[in-house]
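Presented below is the structure to which this report refers.
The values are calculated or read from the model by the stated rules, or taken from the named source; none is laboratory data. Keep in mind the model is a prediction, meaning the values are calculated, not measured. Here the Cβ is made from the backbone with ideal geometry for all residues, glycine too, and neighbour counts use every protein chain on show. We work out accessible area using only protein heavy atoms, side chains counted, and drop any ligands, DNA or RNA first. Shrake-Rupley method; radii C 1.70, N 1.55, O 1.52, S 1.80 Å.
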Amino acid sequence: STMRKRKTADSPHSSTGLSEGKEKLRLKQEVGLISGVSLIAGTMIGSGIFMSPEWVLHHMGSPASSLLIWAACGLLAMFGALSYAELGTVIKESGGEYIYILRIFGPFPAFLFAYTSVILVRPAGLAAVCLSFAEYAVAPFYPGCSSPQVVIKCTAAACILLLTIINCLNVRLATSIMNIFTAAKLLALLVIVVGGVVLLAKGQTQSFQNAFQNTTAGIGAVGVAFYQGLWSYDGWNNLNYVTEELKKPEVTLPRAVMIAIPLVTCLYLLVNVSYLAAMTPSEVLSSGAVAVTWGDKVLGSWAWLISLSVALSTFGSSNGTFFSGGRVCYIAAREGHMPDILSMAHVRCLTPSPALLFTSAMSLIMIISGSFTSIVNFFSFIAWFFYGMTISGLLYLKIKKPELPRSYKVPIIIPIIVLMAAVYLVLAPIIDQPQIEILYIVLFIFSGVVLYFPLVRFKCHPRFLQRLTLHLQLFLEVAPTTRDAN
């Protein structure tokens with residue numbers, strides 16, 4: 001059977017580190033429906049809607065075609081999330097794509113995903129969101145000129161360190177912050193939507209006349225436009241990373257998806273219409289920060305509210321990305337694909353603090369070396385490669401294992417559409433506009449082969465690592481955990 005048997009026992013290393021007679025350590029189930037909706041919507045609404053519209057318009061060439069891309073991205077995110085909801089009710093474990101690839105295809109492809117995700121994808125996504133947070137947060141202090149890069153990068157680093165402290169202290173604190181910031185960013189987007197409705201009512205519709213003029217038709221340009229749009233929807237799969245921390249996952253997971261993603265899609269379309277009502281396409285293209293330019297034009301002396309809202313929005317999104325990203329590292333370590341120390345939880349706070357600290361360190365390295373747009377394009381390329389692999393796993397289960405119990409079923413046509421879109425998004429930019437950086441990414445993914453066989457397959461672990469793990473365990477006050485008994 002290709003479907004790997006789930007282990008019902010504890011992880012191999014979970015019998016050590018806790019004294020006999022004490023209850024085994026596990027993460028708490030503290031994420032309910034409201035927190036689940038906040039985690040999805042709060043992570044999705046981050047920097048993208050405030051920074052990507054100009055890039056989608058740049059690649060598509062016309063307002064109407066850019067709006068079509070935004071709508072298509074929302075539909076694709078919805079289809080992907082519904083497919084993942086079924087996977088989450090069949091395989092009720094945290095870890096998202098990693099755990100699904102592991103249980104369906106086995107340890108080798110799962111290790112490649114974990115290696116790429118933990119070292120590159122998740123830290124890059126977090127770094128990109130924190131850089132955009134920093135850009136908007138420091139902008140008011142440098143009126144009339146661009147902010148120094150060193151100030152932006154230091155602010156982004158401070159943001160990551162603050163998020164590390166919050167997420168290491170308490171799961172409930174992290175989810176409460178998510179809920180508050182999600183409410184704040186929804187309010188900010190509603191202000192932009194209402195402003196757009198007022199402008200349209202006053203007859204400012206110039207951008208929508210001959211709206212398809214100058215539309216780009218190249219498959220590569222459309223693929224890159226999709227990357228920029230889908231970056232704004234990234235986070236649609238975040239609830240699958242924390243399945244073991246959900247209250248009633250078989251109910252909460254599908255419901256949260258069905259509430260959060262249509263809400264975000266409608267808001268994104270209305271916000272884009274509002275931008276185009278306030279500005280001509282050429283003004284949108286020349287704007288460094290489209291939301292701030294909109295604020296200057298529509299709100300006048302109250303324009304500072306937009307900068308504040310964007311900073312709050314991106315901070316909340318960073319928190320959601322960090323919350324779920326640390327779980328991938330934690331689950332991969334629990335399965336023996338990362339060092340043991342990363343699979344442990346704090347004995348009092350019950351948070352996977354070593355995994356969170358590692359994610360934080362990798363993100364700080366990304367901030368030092370990367371820029372926003374390059375991070376987005378390469379992040380999207382890798383992400384959609386593994387989304388495609390995960391969706392093909394769902395199709396395998398639907399065709400070959402229909403007898404598996406599942407409380408929610410998605411029509412088979414939906415994962416087929418998502419798989420076709422994933423193949424297109426991976427291949428189109430390579431065929432149309434090949435870039436040497438994509439080759440580097442592919443080489444990086446397969447460099448995991450060199451590590452997999454000695455360290456995972458044959459378990460050749462240097463003895464000093466065991467001593468180091470013990471010292472770190474004492475220093476960080478962490479202990480091994482049990483897997484959820486679902």
Tell me the carbon and sulfur percent of the accessible area for the chain, rounded to whole percent, probe radius 1.4 Å. 68 percent
What percent of all Cα-Cα pairs in region 56-194 falls into each 5 Å bin, going from 0 up to the bin containing the maximum distance? 2, 8, 8, 11, 18, 19, 17, 10, 5, 2, 1
For the chain, the longest principal axis of the Cα atoms and the Cα long axis of helix 107-116 enclose an angle in degrees, to the nearest 10, of 50 degrees
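More than 14 angstrom separation, counting every C-alpha pair in region 70-145; what % is that? Before the final figure, lay out the partial values.
Numbers: 2107 of 2850 pairs.
It works out to 74 percent of all Cα pairs.
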Restricting the calculation to Cα positions, tell me the Rg (one decimal) and the Dmax (whole number) of region 183-279 in Å. 17.5, 51
Evaluated at q = 0.09, 0.16 Å⁻¹: base-10 log I(q)/I(0), Debye formula over Cα of region 340-473: -0.47, -1.16
Under a 1.4 Å probe, counting only protein heavy atoms, Ser274 has an accessible area in Å², nearest 10, of 0 Å²
Per-peptide average of other Cβ atoms within 10 Å, ordering 69-81, 86-98 highest first: 86-98, 69-81
Computed from every Cα-Cα pair in region 118-245, P(r) in 10 Å bins starting at 0 and rounded to whole percents is 9, 23, 34, 24, 9, 0
Sort the following peptides by mean Cβ neighbour count (other Cβ atoms within 10 Å, averaged over residues), highest first: 192-203, 119-130, 443-454, 163-174. 119-130, 163-174, 192-203, 443-454
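Go through Lys248/Lys459; Lys247/Lys459; Lys248/Lys409; Lys247/Lys409 and tell me which ones have a Cα-Cα distance over 26 Å in this structure. Please report the intermediate quantities before stating the final value.
Numbers: Lys248/Lys459 36 Å; Lys247/Lys459 36 Å; Lys248/Lys409 17 Å; Lys247/Lys409 20 Å.
Where the Cα-Cα span goes over 26 Å, the pairs concerned are Lys248/Lys459; Lys247/Lys459.
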Just the number, please: Stokes-Einstein D of region 33-478 in µm²/s, Kirkwood Rh from C-alpha pairs, 37 °C, 0.692 mPa s. 147 µm²/s
Stokes-Einstein D for region 186-231, Kirkwood Rh over Cα pairs, 10 °C, 1.306 mPa s (µm²/s): 119 µm²/s
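Please state the relative contact order of region 33-478 as a whole percent: Cα pairs under 8 Å, 6+ residues apart?
Values: 686 pairs, mean separation 151.6, N = 446.
Once normalised by length, the contact order is 34 percent.
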Degrees separating the helix 436-451 axis from the principal Cα axis of the chain, which is the longest one: 10 degrees
Accessible solvent surface per residue of the chain, calculated while the other protein chains remain in place, 1.4 angstrom probe, Å²: 41 Å²
